[in-house]
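Asks: There's a structure below that I have some questions on.
The values are calculated or read from the model by the stated rules, or taken from the named source; none is laboratory data. Quick caveat, the model's predicted, so the values are computed rather than measured. Please note: Cβ atoms are built from the backbone with ideal geometry, for glycine as well, and neighbour counts cover all protein chains shown. We work out accessible area using only protein heavy atoms, side chains counted, and drop any ligands, DNA or RNA first. Shrake-Rupley method; radii C 1.70, N 1.55, O 1.52, S 1.80 Å.
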Amino acid sequence: MRLSVYRYNPDVDAKPHMQDYDIALEPTDRMLLDALIRLKAVDDTFAFRRSCREGVCGSDAMNINGKNGLACITKVADLKEPVVIRPLPGLPVIRDLIVDMSQFFKQYHSVTPYVINDTPRPENERLQSPEDREELNGLYECILCACCSTSCPSFWWNPDKFVGPAGLLQAYRFIADTRDQATNERLDNLEDPYRLFRCHSIMNCVDVCPKGLNPTRAIGKIKDLLVKRTV
Amino acid sequence: MAITTRQFDAVVVGAGGSGLRAALQLAEANLRVAVLSKVFPTRSHTVAAQGGVSASLGNEEEDNWHWHMYDTVKGSDYLGDQDAIEFMCRKANEVVIELEHFGMPFDRLDNGKIYQRPFGGHTSNYGERAVKRACAAADRTGHAMLHTLYQRNVRANTQFFVEWMALDLIRNQAGDVLGVVAMEMETGEVMILQAKATLLATGGAGRIYAASTNAFINTGDGLGMAARAGVALEDMEFWQFHPTGVAGAGVLITEGVRGEGGFLLNKNGERFMERYAPTVKDLASRDVVSRAMATEIKEGRGAGKDADHILLKLDHLGADVIDKRLPGIREIAKKFANVDPVKEPIPVVPTCHYMMGGIPTNMHGQVLAGHDGGAIVRGLYAAGECACVSVHGANRLGTNSLLDLLVFGKASGEQVVRDLASDSIAHQTLPKDAADRTLERLSRLDTAQSGESVAEVGAELRRTMQLHCGVFRFPDSLAEGVRKMNEVAQRAERLYVKDKSKVFNTARVEALELENLVEVAVSTMVSAHARQESRGAHDRSDFPNRDDANWMKHTFWYKEGNRLEYRAVNLKPLTVESFEPKARVY
């Protein structure tokens with residue numbers, strides 16, 4: 001398989017460059033991650049993150065032939081060669097495919113990503129109907145891989161001010177949770193020309209999400225709630 | 001050599017379920033805690049747990065902790081310590097309810113309570129029939145749990161050291177642990193993190209096998225650190241082979257599939273578990289099911305053109321149930337097995353999944369100083385898969401791992417809080433050579449101009465484990481395995497990495513991980529070779545039966561001298577009568 005891979009090691013490289021590899025695959029190598037591991041066995045200086053290899057940990061997000069995705073669930077058979085692999089766009093590169101995700105996590109942390117409920121804890125579980133629980137589907141499954149936020153032009157321009165699709169999806173996950181009591185504070189936190197309203201429904205996030213989630217819809221629901229709150 | 005030292009009350013190594021649960025306890029007690037993780041916390045392997053966490057909530061049908069305790073003792077093939085098992089099963093409801101209060105998105109019953117499903121080996125009334133005890137968030141329970149625990153730690157302002165790898169424990173002359181030597185992966189900088197309490201929560205090491213459900217990061221780092229520091233490793237011969245890993249890919253398919261009503265078929269379309277476990281059939285313990293599957297394959301009744309796998313049928317559950325309760329499984333089957341389980345069965349094989357053994361601890365997470373008596377290593381704690389309490393004995397029940405990490409993550413955190421409060425201990429003086437051994441290891445990697453390839457030695461290690469220490473074990477093959485593994489260990493002393501950079505040097509990380517895998521693999525092979533009986537996940541062709549007269553004991557492996565000692569199983573629970581060993585039938 002022919003790969004063209006983004007290489008940059010600040011220890012030795014003045015600037016980034018693309019490096020071509022021809023990698024022999026075994027029949028059992030089905031996913032792009034398998035190919036990258038073969039590559040690393042040949043050239044151990046090539047650096048990337050990976051862990052679960054089944055699409056649940058969110059480590060191996062990268063830009064594959066121009067589109068963000070997870071290497072571990074991207075089938076090699078579906079890829080046009082040479083496969084061009086770059087780090088996620090818009091974040092500072094530490095080395096090769098490894099990006100600095102501080103800004104991404106900072107935005108996630110900015111939405112108070114935990115259930116707030118200050119009523120005394122009952123002896124048993126807080127009750128929630130199956131219908132209310134269903135509201136969390138399509139939200140709680142996010143793996144924080146950053147494929148969405150780093151495909152979003154609004155996030156590229158204002159990563160410090162715009163929460164981005166991943167953070168906003170999680171903001172709505174807690175608004176939608178019937179056990180959470182801080183909806184008003186959460187809406188206050190987002191009522192801002194940048195934090196929420198930089199989303200222009202370009203929908204790149206929906207297009208790339210490896211878990212099939214829909215941040216744009218969640219963002220729309222937050223906007224609806226803000227409108228409802230004013231009238 | 002000058003090396004930066006930072007001081008904390010406590011250092012937690014690992015930010016999976018047990019590390020995060022422990023850290024929460026420490027942060028909420030306002031201790032200065034540093035949580036180290038090789039990966040961002042939500043990327044830890046707890047994220048991959050699927051089916052559920054056990055607790056006898058009795059939300060759908062009658063249940064109680066004593067039944068759960070019986071099932072766990074029986075599941076362990078009577079190698080589990082009954083005091084610790086009682087402790088865990090009694091604590092289950094408390095920690096699961098607490099998790100719900102933290103915001104865990106459990107599935108719900110119509111009355112609003114937590115949804116529960118049946119799981120292997122969990123029964124009502126001491127083995128009468130399967131019981132609904134597994135509290136689930138669809139088939140993403142681990143993901144939901146790990147994120148919830150991380151979120152709760154964000155709330156508690158826990159201090160994380162993300163993408164830091166702990167390399168070695170620091171012990172003084174008296175044997176006390178005073179912290180760790182660790183490396184920041186981004187810069188390659190090595191530091192001493194000094195602590196009054198060091199808690200290992202490094203998870204499993206399933207990457208010693210070629211076919212594994214485990215993530216790449218599961219390299220037994222805590223076990224390697226412990227072994228190098230002179231701490232024993234307990235019951236390392238007991239590795240769980242999960243019945244349903246996707247054939248060829250290794251990716252896990254939850255037992256929850258069978259809990260929801262799926263079952264296994266051989267090539268003749270026979271539901272063969274009816275022969276092996278007439279009462280609970282496909283919901284027998286994992287060791288029993290995996291052995292049955294391996295037997296079917298061995299005797300020529302495997303499916304596929306090479307007769308090398310078993311079929312997991314669930315299409316009869318219907319698309320609605322599958323999409324509601326098992327959506328992640330459908331996704332995995334499509335991606336990794338090229339089948340849509342709504343229409344076709346999933347090809348599966350027993351796959352290495354979980355380490356029952358680990359760093360020996362008591363039920364408060366304190367690490368035992370040795371096989372003899374209850375003395376502890378001052379300053380050292382362990383919890384979760386890296387620890388051996390032992391609640392899982394020779395075979396863990398499904399959903400008891402998530403329970404283990406909640407109960408013992410919390411208990412060890414509480415113990416640290418108690419120890420630091422009552423002792424009013426100050427930081428001890430670090431030995432002058434605290435980091436020397438670690439720096440030597442690193443320096444050897446940095447200066448070596450030739451040597452063994454990490455990828456090749458790693459592959460040989462995994463092949464050897466797979467071939468010589470699998471579901472069925474044979475005396476000659478084990479002896480050969482011990483010999484080969486010693487060779488692998490010697491090769492691993494001469495590792496060479498081309499990459500000499502300081503910045504995010506993943507080649508160096510993989511070399512360091514391999515050194516830890518070697519400790520795990522050697523201890524496993526040696527312990528397995530020595531245990532002359534069949535119990536739980538350890539099945540010997542030459543000793544096909546359990547031998548309670550001679551082997552009702554835990555194995556303790558010491559790195560120094562590659563030596564084995566033993567310690568009697570604790571049959572005495574905390575408050576109830578013992579469950580006496582009897583034949584294990586499902």
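Asks: On the first, second and third principal axes, largest extent first, how far apart are the outermost C-alpha atoms of the range B:1-134 in Å?
Replies: 64, 38, 27
Asks: Suppose we compare each residue of the range B:485-504 in its chain alone and in the full protein complex with a 1.4 Å probe; which ones drop by at least 20 Å² of accessible area?
Replies: Residues passing the criterion (a loss of at least 20 Å², heavy atoms only) are B:498, B:499, B:501, B:503, B:504.
Asks: Please list, in order, the residues from the range B:64-84 whose amide nitrogen is less than 14 Å from a point placed 7 Å along the Cα→Cβ vector of residue B:578.
Replies: So the set is B:78-84.
Asks: Where both partners of a DSSP beta bridge lie in chain B, what percent of those bridges are antiparallel, to the nearest 5?
Replies: Numbers: 47 of 72 bridges.
Taking every DSSP beta bridge with both residues in chain B, the antiparallel ones total about 65 percent.
Asks: Once the dipole of the protein assembly as shown is set up with Lys and Arg at +1 and Asp and Glu at -1 on Cβ about the Cα centre, which of A:98, A:206, B:131 lies farthest towards its positive end?
Replies: A:206
Asks: About the Cα centre of the range B:480-522, how large is the charge dipole given +1 on each Lys and Arg Cβ and -1 on each Asp and Glu Cβ? Please answer in debye to the nearest 20.
Replies: Working: 8 positive and 8 negative charges, 52 e Å.
For this selection, approximately 240 debye.
Asks: Assuming 1.002 mPa s and 20 °C, estimate D for the range B:478-528 with Stokes-Einstein, Rh taken as the Kirkwood radius over Cα pairs, in µm²/s. Before the final figure, lay out each step's value.
Replies: Working: Rh = 12.0 Å.
D = 179 µm²/s.
Asks: With the dipole of the range B:3-140 worked out from charges on the C-beta (+1 for Lys and Arg, -1 for Asp and Glu) around the Cα centre, which of B:88, B:12, B:105 lies farthest toward the positive end?
Replies: After comparing all options, I get B:12.
Asks: Additional query: Please list 3J(HN,Hα) in residue order for the range B:428-433, calculated via the Karplus relation 6.51 cos²θ - 1.76 cosθ + 1.60 where θ = phi - 60°; whole Hz, with x for glycine and proline.
Replies: Karplus-based 3J(HN,Hα) across the range B:428-433 equals 7, 6, 6, x, 4, 9 Hz.
Asks: Any chance you could count the Lys pairs in chain A whose alpha carbons are under 29 Å apart, treating pairs 8 or more apart or on different chains as valid?
Replies: Within chain A, the lysine pair count is 29.
Asks: Could you order peptides B:450-458, B:407-415, B:190-198 by the average number of other Cβ atoms within 10 Å of their residues, highest first?
Replies: The packing order, highest mean first, is B:407-415, B:190-198, B:450-458.
Asks: Now for a separate question. Carbon and sulfur atoms: what percent of the 1.4 Å accessible area of the protein assembly as shown do they account for? Write down the numbers at each step before the final one.
Replies: Values: 13830 of 28330 Å².
The C+S portion of the solvent-accessible surface of the protein assembly as shown is 49 percent.
Asks: Rounded to whole Å and sorted largest first, what semi-axes of the equivalent ellipsoid does the C-alpha gyration tensor of the range A:184-231 yield via the square root of 5 times each eigenvalue?
Replies: 22, 11, 9
Asks: How fast does the range A:63-155 diffuse by Stokes-Einstein, in µm²/s, taking the Kirkwood radius from C-alpha pairs at 25 °C and 0.890 mPa s?
Replies: For the chosen part, D equals 147 µm²/s.
Asks: Now a separate question. What Kirkwood hydrodynamic radius do you get for the range B:184-242 when you take the inverse of the mean 1/r over all pairs of distinct Cα atoms, in Å?
Replies: This gives a value of 13.7 Å.
Asks: Can you check what the net charge comes to around residue B:215, using other residues whose Cβ is under 10 Å from the Cβ of residue B:215 (Lys, Arg +1; Asp, Glu -1)?
Replies: Here the count lands on +3.
Asks: While we're on this one: Just checking the output field for A:120-130: average partner chain Cβ neighbours within 10 Å of each residue's Cβ?
Replies: Other-chain Cβ atoms within 10 Å of each residue's Cβ, averaged: 6.
Asks: Using only the Cα atoms, work out Rg/Rh for the range B:38-93, with Rh taken as the Kirkwood radius, to two decimals.
Replies: Radius of gyration over Kirkwood radius for the range B:38-93 works out to 1.09.
Asks: Build a GNM of chain A with springs between Cα atoms under 10 Å: which of A:69, A:55, A:220 gets the top mean-square fluctuation?
Replies: A:220
Asks: In bins 10 Å wide, starting from 0, what share of all Cα pairs of the range B:259-376 does each bin hold, as a percent?
Replies: 12, 33, 27, 12, 13, 2
Asks: Which value, in debye to the nearest 20, gives the size of the charge dipole of the range A:128-231 about its Cα centre, when Lys and Arg are +1 and Asp and Glu are -1 at the Cβ?
Replies: Computed about the Cα centre, the dipole is about 220 debye.
Asks: At a 1.4 Å probe radius, which order do B:61, A:134, A:123, B:94 fall into by accessible area, largest first?
Replies: A:123, A:134, B:94, B:61
Asks: What is the mean projected area of the alpha carbon convex hull for the range B:355-431, to one decimal in square nanometres?
Replies: The orientation-averaged projected area of the Cα hull of the range B:355-431 comes to 6.0 nm².
Asks: Provide the per residue accessible area, probe 1.4 Å, for the protein assembly as shown, rounded to a whole number of square angstrom.
Replies: That works out to 35 Å² for each residue.
Asks: Give the A-B buried accessible area in Å², both sides summed, 1.4 Å probe, nearest 100.
Replies: For chain A against chain B, roughly 5200 Å² becomes buried.
Asks: Sort out for me the Cα centre separation of the range B:390-448 from the range B:78-141, rounded to whole Å.
Replies: That distance is 27 Å.
Asks: Here is a further query. Could you list the residues of the range B:174-199 with an amide nitrogen less than 19 Å from a label point located 7 Å from the Cα of residue B:375 in the Cα-to-C-beta direction?
Replies: B:174-178
Asks: So how many Å³ per residue does the convex hull of the Cα atoms of the protein assembly as shown work out to?
Replies: Given the Cα convex hull of the protein assembly as shown, per-residue volume reads 155 Å³.
Asks: Follow-up. Once you measure Cβ to Cβ distances between cysteines in chain A, which Cys have no partner under 4.7 Å?
Replies: Within chain A, the cysteines lacking a partner Cβ under 4.7 Å are A:72, A:142, A:145, A:147, A:152, A:199, A:209.
Asks: For a bin width of 5 Å, list the pair-distance distribution of the range B:451-586 built from all Cα-Cα distances, rounded to whole %.
Replies: Histogram of Cα-Cα distances, whole percents per bin: 2, 9, 16, 16, 16, 12, 10, 8, 5, 3, 2, 1.
Asks: Find the centroid of the Cα atoms in the range B:490-551 and in the range A:48-108, then give the distance between the two in whole Å.
Replies: Their Cα centres are 31 Å away from one another.
Asks: If N is the number of residues in the range B:452-504, what value comes out of its Cα radius of gyration divided by 2.2 N^0.38 Å?
Replies: 1.41
Asks: With charges only on Cβ, +1 for K and R and -1 for D and E, what is the dipole size of the range B:427-513 about its Cα centre, in debye, rounded to 20?
Replies: So the magnitude is around 100 debye.
Asks: Would you check the accessible area of residue B:148, probe 1.4 Å, heavy atoms only, in square angstrom rounded to 10?
Replies: Surface accessible to solvent at residue B:148 totals approximately 0 Å².
Asks: Go through B:217, B:199, B:141 and say which Cα lies farthest out towards the positive end of the charge dipole of the range B:125-250; charges sit on Cβ, +1 for Lys and Arg, -1 for Asp and Glu.
Replies: Of the options given, the answer is B:141.
Asks: While we're on this one: Out of all DSSP beta bridges in the protein assembly as shown, what portion is antiparallel? Express it as a percent rounded to 5.
Replies: Rounded to the nearest five, the antiparallel share is 70 percent.
Asks: Something else: Largest first and to the nearest Å, give the Cα extent of chain A along each principal axis.
Replies: 59, 37, 29
Asks: May I ask you to evaluate 6.51 cos²θ - 1.76 cosθ + 1.60, the Karplus curve with θ = phi - 60°, for each residue of the range A:128-139 and list the ³J(HN,Hα) values in order in whole Hz, giving x for glycine and proline?
Replies: Each residue's phi maps through the Karplus curve to give 8, 6, x, 5, 5, 5, 4, 4, 7, 5, x, 10 Hz.
Asks: Here's a follow-up. If amide hydrogens are placed 1.01 Å from N in the peptide plane, which non-local residues have theirs closer than 5 Å to the one on residue A:94?
Replies: Correct list: A:99, A:100.
Asks: May I ask you to evaluate 6.51 cos²θ - 1.76 cosθ + 1.60, the Karplus curve with θ = phi - 60°, for each residue of the range B:436-451 and list the ³J(HN,Hα) values in order in whole Hz, giving x for glycine and proline?
Replies: Whole-Hz 3J(HN,Hα) from phi for the range B:436-451: 4, 4, 5, 5, 5, 4, 5, 5, 4, 5, 6, 9, 4, 9, 7, x.
Asks: Moving on to the next point. Just to make sure I understand: if all protein chains stay in place, what is the order of B:488, B:342 by accessible area at 1.4 Å, largest first? Numbers along the way, then the final one.
Replies: Values: B:488 5, B:342 35 Å².
Result, largest first: B:342, B:488.
Asks: Another one. Please grab the % of Cα pairs in chain B that end up more than 42 Å from each other.
Replies: 16 percent
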